[in-house]
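J.: Next up is a structure, given as structure tokens.
The values are calculated or read from the model by the stated rules, or taken from the named source; none is laboratory data. The structure displayed is predicted, hence computed values, not measured ones. Here the Cβ positions follow ideal geometry from the backbone for every residue, glycine too, while neighbour counts run over all protein chains shown. For accessibility, only protein heavy atoms count, side chains too; no ligands or nucleic acids. Shrake-Rupley method; radii C 1.70, N 1.55, O 1.52, S 1.80 Å.
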Amino acid sequence: MKKLSLIALGVSLATLPLSAQSIELAGKKLELYGKAHLSLDYSDPDVTGEDSQFSVSNNSSRIGFKGEHDVSDALTMLWQYEQGVTIDNGGGEFATRNSFLGMRGRFGELRAGHHDTPSKSMGSSWGLFSDTNGDRRAILGAYSGYGNVLNDRADNALLYLNNFGGLALQAMYSASNPSEDVSGGLDDNDSDIGSVSLSYKAGPLTLLGAVETWSLAPRPNNNTEGVDNIRLGAVYTMDRLRFGAILESTDSDDVVYDRDAFGVNAAFGVSDATDIRVQYLMADDYEGMSDSGASQLALGLFSQLDSATQVYAVFSMTDNDDNAEYQGIDGGHGDELSTELGGTPSSLSVGAIYKF
């Protein structure tokens, strides 16, 4: 993998988290939680012969059950079943999101199941527009013509988590991803994933890093062997200001996966309940192809109505070079926005989130 260096710039300020209490159905042994997230979008794909249009988008809405059981003073069993819910048109499948059986003790925490990779979680902690039309995954972990692929929820995964003072560790091994085994067969270790992330908090500064390797390239070009990805990031908070920077590098035998990307973002709290956000991401040309990069700009206003309810307005625009085809919207936003080579897709979105 390529050696990376990151210079963390300037000043950064904390945004208001969207939080709410889960509902205890049987104490901590059984809790119900969820999130409903819908938006009204007006999007322009910048494709010849296609007009701008309105759409109602469901954006990673979910419902889940979780619980924990104390086996002894030293050991607690954990479980979670979470599914995505498409409330704009109905539908969903059980346990499509983070679902696992685990245990927690003095050794840390271990989970087994279907789960976000540490690298994906690291990107989520850095980004300011997750699941909106400004989602970072239109550039970060995305590739021209392939879309968002290196921000995965791994199958057949073992995940270890622990904290050592200000240092937080996540380490995952996925025995087979995606699982294409015949029912009853063994996991295919030829398509495994390894992913590790570290975060270190020192006062107002948080440093982030993640390394991920795939034995086979993710969809759609999964006949390519070996994709390696590194992410380095920093977030600095001060009073009402938050500033972040991130750098990503990907290496592979497939030249489309061989490219670097970087991003900066900032948020300013104009009041205790409202903040303004901006995020800029840029992907460099991939190996052997000039004018194959792209950039994305997102601007947003977010307001917390109470501990469970948030509303927002976001404008985003992706600017592709002549030989690039990065999407305007990708990742957790339900209605994606594709384009054509050299396109400049844009979107204006007004949304609401309710979390319980």
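J.: For the range 225-246, how many residues are closer than 18 Å to residue 167 by Cα, within 16 Å of the chain's Cα centre (by Cα) and not aliphatic (A, V, I, L, M)?
T.: Counting residues in the range 225-246 that are closer than 18 Å to residue 167 by Cα, within 16 Å of the chain's Cα centre (by Cα) and not aliphatic (A, V, I, L, M) gives 2.
J.: Return yes or no: is residue 236 under 21 Å from residue 209 (Cβ atoms), among the hydroxyl-bearing types (Ser, Thr, Tyr) and out of contact with any Lys or Arg (no Cβ under 8 Å at 6 or more places or on another chain)?
T.: No, not satisfied.
J.: Specify which of the listed residues (335, 322) is at pLDDT 95 or above and farther than 16 Å from residue 135 by Cα.
T.: After applying the criteria, what remains is 322.
J.: Taking the range 40-79 only, how many residues are within 15 Å of residue 101 (Cα to Cα), touching a Ser or Thr at 6+ places or on another chain (Cβ under 8 Å) and free of Cβ contacts under 8 Å to residues at least 24 places away in the same chain?
T.: Adding up the residues that qualify gives 1.
J.: Moving on to the next point. Checking the conditions here, which among 215, 197 is small (Gly, Ala, Ser), at pLDDT below 95, more than 12 Å from residue 155 (Cα to Cα) and in a strand (DSSP E or B)?
T.: 215
J.: Also: Since residue 59 meets every condition but one in (1) out of contact with any Gly (no Cβ under 8 Å at 6 or more places or on another chain); (2) closer than 30 Å to residue 341 by Cβ, which condition does it not meet?
T.: Only one criterion in (1) out of contact with any Gly (no Cβ under 8 Å at 6 or more places or on another chain); (2) closer than 30 Å to residue 341 by Cβ is unmet by residue 59, namely (1).
J.: Would you pick out the residues in the range 294-318 that are open to solvent by 60 Å² or more (accessible area, probe 1.4 Å) and either touching a Pro at 6+ places or on another chain (Cβ under 9 Å) or of a type in the set (Phe, Trp, Tyr) (or both)?
T.: Those that are open to solvent by 60 Å² or more (accessible area, probe 1.4 Å) and either touching a Pro at 6+ places or on another chain (Cβ under 9 Å) or of a type in the set (Phe, Trp, Tyr) (or both): 315, 317.
J.: A further question follows. So, in the range 330-342, of the ones that are within 16 Å of residue 52 (Cβ to Cβ) and touching a Gly at 6+ places or on another chain (Cβ under 8 Å), which residue ends up most open to solvent (accessible area, probe 1.4 Å)?
T.: 336
J.: Identify, please: which residue in the range 245-286 is over 23 Å from residue 119 (Cα atoms) and either touching a helix residue (DSSP H, G or I) at 6+ places or on another chain (Cβ under 8 Å) or polar (S, T, N, Q) (or both) and is, among those, most open to solvent (accessible area, probe 1.4 Å)?
T.: 271
J.: Considering only the range 113-164, state which residues are acidic (Asp, Glu) and in contact (Cβ under 8 Å) with a residue 40 or more places away in the chain. Spell out how you get there, then give the answer.
T.: Residues of the range 113-164 acidic (Asp, Glu): 116, 131, 135, 152, 155.
Hits for the range 113-164 are 131, 135, 152, 155.
J.: Can I ask one more? Looking only at strands (runs of 3 or more DSSP E) that fall completely inside the range 87-165, which ones have 2 or more residues that are of a type in the set (Lys, Arg) and buried (at least 19 other Cβ atoms within 10 Å of the Cβ)?
T.: Because the criterion is at least 2 residues that are of a type in the set (Lys, Arg) and buried (at least 19 other Cβ atoms within 10 Å of the Cβ), no strands (runs of 3 or more DSSP E) in the range 87-165 meet it.
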